[in-house]
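Only one structure is covered here, and it is reproduced in the block below.
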Amino acid sequence: RAPEDEEEEVEVGWQEKLFSQFEVDLYLNESACQTPLDWQYHEEIQKLEKAGGRKNCRIFTYTDHDRFTNLEELCQKVTDSDHEVPSYLVERMANVRRRRQDRRPVEASSLKSKIITWEPSEEFIKNNHVINTPVQTMYIMGDLGPYGKLGHREYENVLCTIKVDSNGVITVKPDFSGTKGAYRIEVDAEKREVWEYTIENASAQVQPEEEEREQRVFRDLYGRHRDYLSGLVGSDFEMPLPGTLRLFVNGEIVSAQGYEYDNLYVHFFLELPNQWSSSPFQQLSGVTQTCATKTVGWDKVAYFCYPFTVEMFYTQEDEDSLPQWPVLYFEVLSLDFWQRYRVEGYGSLVLPACPGVHMLTIPTWRPVELGTVAEMRRFFIGGSPELEDLTYIRTPSTFKGKRLSRFGFRTETTGSVTFRLYCLQQSKAFLENSALRQRMKSVLDRLGGFSQQSSVYSVLEAFQRARRRMQEARESLPQDLINTSASTV
């Protein structure tokens, strides 16, 4: 630990230059001065020497225009590893510095005439490649060399870094000491030394009148910004009618994995049940791009990342009816070099009844034929058994009977498709207070009151099935057993 006579306290102003012993020895020599800044430092140091030398001892500063500031920002590492190898992007971005820029504002007419720069210069690329927030930097340094050996660059340590951007935000790293105690620096010199230092804000306190005026300016600024944002958003929000539920689905077909052939694409469409509708301009079907697969573990995975957006409306007609949610049907196909396509799998997905984010992986299947001829046809000339109606994946929309038989229909399990769905629901039932929600007049009110519970839909559906079975059982019993007034012998 340093002795008491090594203690030093210095008050530093913003961009105030305090020379180190190394800089004094360097700039006193005229042969070392090359730039105008070097000659300016040479004159200032000569004046200091005539006035009795520099007042500071170990504490000095590097301002925004010094070489140290340029090199320090150029050599910053991305990680804390000692063996870090900079990537190509890091090397290219090393010269892009967020510095102060004294550029004149460009008139609006010239902006409109130069929307695209066909031959950008290197300086233009550096200034426009990133969001360039001009920053001024200052370093407060400490020369922690042994006593009597000041002026060696290897003993220089950064005590504090101060940055001010064009928005007026001041960043001090490390923070002011306050009640946290002193910061410690261990130096491996001739003998192991531990230095402690504190950082305090020595600026004059703001007068109450000035502070109040500043708060008024801030409140006025925030108020105008709030009004500006309100003007952008607007106040005319379209609310659904009473008894109507609006459903937004921002979906993404993430990937498909586990299929036999390469170059996959997905064809999908959405089926709306009764009492559901959508805008006439709403597209309820789509086809992804053809995507090549990559080997991940034991599977071949095709990453589509294909987004789609659907908006639907549910109109309640019967209070006791249970709403059927829309179903997403999809088929996975492959396309080879000879433009032969093959059906790789069929699948369906019921849109989640609970709002939020849902990550779903749906397994698929495909129809097959017996014998080797069908497989040879599929391998050599493409093509395979297909479904004329994709709703046959579940219950066909045209089926009106009581029982659907799939006896003799041969299928084969294939891969799976992963979906990411962001579901949002909007209804006036959600705006009702807790007292009205407790009444639960209809199924839509139940969905509004318990939209956070994912099991509501399944519970209501199970209740409907149980009641239907009870009614069928009562109808099948003899009437004399149901009639309790019948006499028995």
Cα gyration tensor category, rounded, prolate or oblate, for the range 283-365 with a/c compared to 1.5: prolate
Prolate/oblate/rounded label for the range 172-240 (Cα gyration tensor, a/c 1.5): oblate
From the C-alpha gyration tensor of the range 203-294, square roots of 5λ in Å: 52, 26, 10
Label-point gap, in nm, between GLN205 and GLU252 - each point 7 angstrom along Cα→Cβ: 5.3
Probe 1.4 Å, accessible area per residue of the range 203-338, Å²: 64
Quotient of C-alpha Rg and 2.2 N^0.38 Å, computed over the range 118-251: 1.87
Charge dipole (debye, nearest 20) of the range 307-393; +1 at Cβ of Lys and Arg, -1 at Cβ of Asp and Glu: 700
Positive-end extreme of charge dipole, the range 27-71 - chosen from ASN29, ILE45, HIS65 (charges on Cβ): ILE45
Distance histogram for the range 344-406 (every C-alpha pair counted, 10 angstrom bins, percent rounded to whole numbers): 16, 34, 31, 16, 4
Prolate/oblate/rounded label for the range 296-336 (Cα gyration tensor, a/c 1.5): prolate
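The values are calculated or read from the model by the stated rules, or taken from the named source; none is laboratory data. Remember, it's a predicted structure, so these values are computed and weren't measured experimentally. Positions of Cβ are backbone-derived with ideal geometry, glycine not excepted, and every protein chain shown enters the neighbour counts. In case anyone asks, the SASA skips ligands and DNA or RNA and just uses the protein heavy atoms, side chains included. Shrake-Rupley method; radii C 1.70, N 1.55, O 1.52, S 1.80 Å.
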